[in-house]
Amino acid sequence: ILNVEQSPQSLHVQEGDSTNFTCSFPSSNFYALHWYRWETAKSPEALFVMTLNGDEKKKGRISATLNTKEGYSYLYIKGSQPEDSATYLCASDNYGQNFVFGPGTRLSVLP
Amino acid sequence: DVKVTQSSRYLVKRTGEKVFLECVQDMDHENMFWYRQDPGLGLRLIYFSYDVKMKEKGDIPEGYSVSREKKERFSLILESASTNQTSMYLCASNTAGTDNEKLFFGSGTQLSVL
């Protein structure tokens with residue numbers, strides 16, 4: 001089973017701060033990297049699906065970058081808001097394997 | 001919007017009981033998945049299905065079975081529940097091909113086995 005790691009495990013920021021966290025994944029047989037946001041008592045929702053090395057995707061104040069050669073992705077949140085509080089999951093999709101999820105980064109944005 | 005519905009949000013069962021967790025999706029997705037989520041661990045795949053009546057073991061299938069008699073419904077069965085199966089269970093679905101491979105999740109079932 002492949003190993004996907006995320007750091008930090010948890011994060012507390014003040015409203016208005018910008019923040020970022022990391023997902024590390026195996027670069028061999030890479031196909032796609034997914035980011036999901038999971039708010040308490042809700043379903044995890046897809047933020048981004050990224051496939052190309054060097055790709056950058058943006059959705060409002062949230063953006064993500066991808067480095068498939070070294071096996072990492074960054075998720076950035078600009079001007080954090082309390083509604084951004086959630087667990088952010090990444091999942092690696094490698095050929096011949098099922099999705100492998102990281103343990104998540106729990107973000108708390110304090111008003 | 002894709003909707004993945006899980007039958008129960010919270011469930012309490014006793015050791016040895018047979019437990020059924022139901023999942024229904026309304027977007028004609030071919031693929032359906034059952035995961036469990038435990039503190040400090042990533043979502044772990046129990047079973048998945050690529051088509052009606054097809055099932056494949058995931059990473060942690062022991063103690064579980066599944067049923068997919070209709071395309072929209074994927075059931076997870078705990079034949080004889082044990083305390084170590086206390087967990088959050090998430091169902092997901094997707095369809096093959098590019099960005100559509102993103103997973104759509106249900107809201108989860110928190111199962112407690114006493």
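The values are calculated or read from the model by the stated rules, or taken from the named source; none is laboratory data. Bear in mind the structure is a predicted one, so any value in this text is a computation, not a measurement. Cβ atoms come from the backbone with ideal geometry, glycine included; neighbour counts cover every protein chain shown. These area figures cover heavy atoms from the full protein model, side chains too; ligands, DNA and RNA do not enter into them. Shrake-Rupley method; radii C 1.70, N 1.55, O 1.52, S 1.80 Å.
Of all residues in region A:11-36, those that are within 11 Å of another protein chain (Cβ to nearest Cβ) and closer than 22 Å to A:Leu110 by Cα total 1. Scanning region A:1-10 for residues that are touching a Cys at 6+ places or on another chain (Cβ under 9 Å) and in a strand (DSSP E or B), which turns out farthest from the other protein chains (Cβ to nearest Cβ)? Result: A:Ser7. Any idea how many residues of region B:94-114 are more than 10 Å from chain A (Cβ to nearest Cβ), modelled with pLDDT under 95 and surrounded by 14 or more Cβ atoms within 10 Å (Cβ to Cβ)? The qualifying residues number 1. Which residues, taken from region B:62-93, are in contact with a Gly (Cβ under 8 Å, 6 or more places away or on another chain), over 19 Å from B:Pro39 (Cβ atoms) and more than 11 Å from chain A (Cβ to nearest Cβ)? Hits for region B:62-93 are B:Leu78, B:Glu79, B:Ser80, B:Ala81. Note on region A:61-93: residues that are of a type in the set (S, T, N, Q) and closer than 12 Å to A:Met50 by Cα amount to 6.
A count restricted to region A:59-111 and to residues that are over 22 Å from A:Ser10 (Cβ atoms), under 11 Å from the mean Cα position of the chain (by Cα) and within 13 Å of chain B (Cβ to nearest Cβ) stands at 0.
Each row is one residue, and each column tells you yes or no for (1) more than 24 Å from A:Gly79 (Cβ to Cβ); (2) in contact with a Lys or Arg (Cβ under 7 Å, 6 or more places away or on another chain); (3) open to solvent by less than 30 Å² (accessible area, probe 1.4 Å).
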{"site": "A:Pro26", "(1), (2), (3)": "yes, no, yes"}
{"site": "A:Ala32", "(1), (2), (3)": "yes, no, yes"}
{"site": "A:Trp38", "(1), (2), (3)": "no, no, no"}
{"site": "A:Lys42", "(1), (2), (3)": "no, no, no"}
{"site": "A:Leu47", "(1), (2), (3)": "no, yes, yes"}
{"site": "A:Asp55", "(1), (2), (3)": "no, no, no"}
{"site": "A:Ile62", "(1), (2), (3)": "no, no, yes"}
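The residues of region B:33-73 that are among the polar types (S, T, N, Q) and either under 19 Å from B:Thr95 (Cβ atoms) or surrounded by fewer than 16 Cβ atoms within 10 Å (Cβ to Cβ) (or both), listed by number, are B:Ser49, B:Ser65. Quick one: would you say A:Thr105 is open to solvent by less than 20 Å² (accessible area, probe 1.4 Å) and of a type outside the set (Asp, Glu)? Yes, satisfied.
Scoring B:Thr83 on the criteria (1) under 12 Å from the mean Cα position of the chain (by Cα); (2) open to solvent by 10 Å² or more (accessible area, probe 1.4 Å); (3) among the polar types (S, T, N, Q) leaves a single failure, condition (1). Going by the conditions given, is B:Leu114 out of contact with any Leu (no Cβ under 8 Å at 6 or more places or on another chain) and either closer than 22 Å to A:Gly102 by Cβ or not acidic (Asp, Glu) (or both)? So B:Leu114 passes the test.
Please tell me if B:Tyr47 is aromatic (Phe, Trp, Tyr), within 14 Å of chain A (Cβ to nearest Cβ) and touching a Ser or Thr at 6+ places or on another chain (Cβ under 9 Å).
yes
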